[in-house]
Amino acid sequence: MKKSLIALAVSGALIAPAAMADSNVTVYGVANVSVDSVSVNPKAAASYSNLKVSSNTSRLGFKGNEDLGDGLSAIWQIESLVRIDNSNNAAGATGDGIGSRNTFAGLSSASAGTVLLGRHDTPYNIATRKLDLFGDTTADNRSIMGGGRATGAALSTVGASFDGRQPDVIAYISPSLNGFTGAIAYVAGAETAVAGNVKGSAWSLAGLYGAGPFYGSLAYEVHDLGTAGSGTLATPAVANLAGLKEKAVKLGLSYAEGPLTVSFAYEKLSDNFNAAGANLLGHNAYYVGTKYAFGNDAVKLAATKAGSNSGAATGANQVSLGYDHGLSKRTTVYALYTNLKNDGSGIYSLSPNGTGAPAAAAATAGVKESVISFGLKHTF
């Protein structure tokens with residue numbers, strides 16, 4: 001279901017009236033399946049290839065609202081990941097099950113804004129999702145954006161994904177004012193914290209602006225990881241998380257005029273994970289993409305780059321080329337090629353981050369990965 005970014009931020013505040021007879025429930029979803037030819041070239045091992053079928057964030061959702069009078073509505077949504085390529089892969093996998101995606105209840109007012117409670121994409125994540133021309137495929141830019149990588153260090157990844165979906169969220173989305181919408185969310189996290197533990201938590205903020213062909217966003221998110229075990233927001237491979245903090249700031253821009261769309265995103269991540277309290281995994285990352293549409297077709301090109309952190313060669317580059325053909329307003333067939341090349345100590349891997357599909361290959365230092373993908377996406 002294709003939505004504008006601001007509509008996604010509100011995430012149901014303007015839900016359509018009843019889709020079922022005598023009910024205010026709307027049923028919606030996405031079936032996005034591809035066949036992928038994966039090639040992997042490890043730095044210190046034999047190269048190999050693999051052919052697989054992937055379900056790329058296929059999902060099923062239910063949502064609705066109730067008019068409470070005086071411009072106020074109760075809203076709700078239950079959205080679940082559906083692995084339509086192989087249901088056996090779902091057994092015990094993180095993020096599966098009913099309500100595994102954006103699932104919440106709340107109140108919405110056209111004049112006062114929207115408050116929701118539940119599981120939801122953070123404002124930081126929402127701020128630039130619209131800009132990713134290959135979102136929810138193996139070429140998704142979250143292979144590189146929204147996280148950090150290091151080898152030979154106490155931590156192997158960021159404590160919690162910045163471009164992610166968090167449980168236990170309390171969020172507020174402002175009304176649109178001359179094209180501007182603000183969003184703020186608190187992630188309660190670590191609800192099993194006990195006496196003596198430092199409770200992990202997170203804050204996420206974003207400002208979104210859309211006017212004519214221009215869109216811009218600015219976002220900030222900070223994670224207080226808390227005490228390892230029952231107090232932590234996340235579980236990186238380090239014994240003592242108390243006092244550890246990571247943060248990110250991100251800028252997004254896009255311009256769409258006629259058949260041409262150009263998108264750009266920049267983010268800066270930092271932390272105090274080093275033994276001396278200095279930055280360990282923090283780095284800069286960039287994304288640029290362009291799309292040219294003609295008739296029912298579109299050609300897309302995008303590049304993503306992560307810089308190195310702590311002076312080590314931990315960066316990576318990803319380049320993607322794609323072609324879309326619309327069979328109808330709701331059904332698209334697509335072909336794409338994406339190539340990810342790690343620096344000597346980089347351990348990024350193609351697109352497990354948000355697509356619902358397993359990683360194209362295990363992340364190992366210096367690995368190069370490429371995928372040729374042919375898929376079909378249907379929304380309902």
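The numbers here are math on the coordinates, done by the rules we state, and not lab data. Bear in mind the structure is a predicted one, so any value in this text is a computation, not a measurement. Because the Cβ atoms are built from the backbone with ideal geometry, glycine has one as well, and the counts that use them run over all protein chains shown.
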Ranked from highest to lowest mean number of other Cβ atoms within 10 Å per residue, what is the order of the peptides 171-179, 64-72, 139-147? 139-147, 171-179, 64-72
Geometric extent, Cα atoms of region 260-309 - Rg, Dmax (angstrom): 16.9, 57
Assuming 0.36 nm per residue, please report the length gained on full extension of the stretch Ala45 to Leu68 beyond their Cα-Cα distance. 2.0 nm
Length released on extending from Asn178 to Tyr292, taking residue separation times 0.36 nm less the Cα-Cα span: 38.2 nm
Label points 7 Å out from Cα along the Cβ direction at Ala335 and Phe214: separation in nm? 3.8
So for Tyr220, Tyr255, fewest C-beta neighbours within 10 Å to most, what's the order? Tyr255, Tyr220
Taking the number of other C-beta atoms within 10 Å as the exposure measure, put Leu244, Leu205, Leu51 in order starting with the fewest. Leu51, Leu205, Leu244
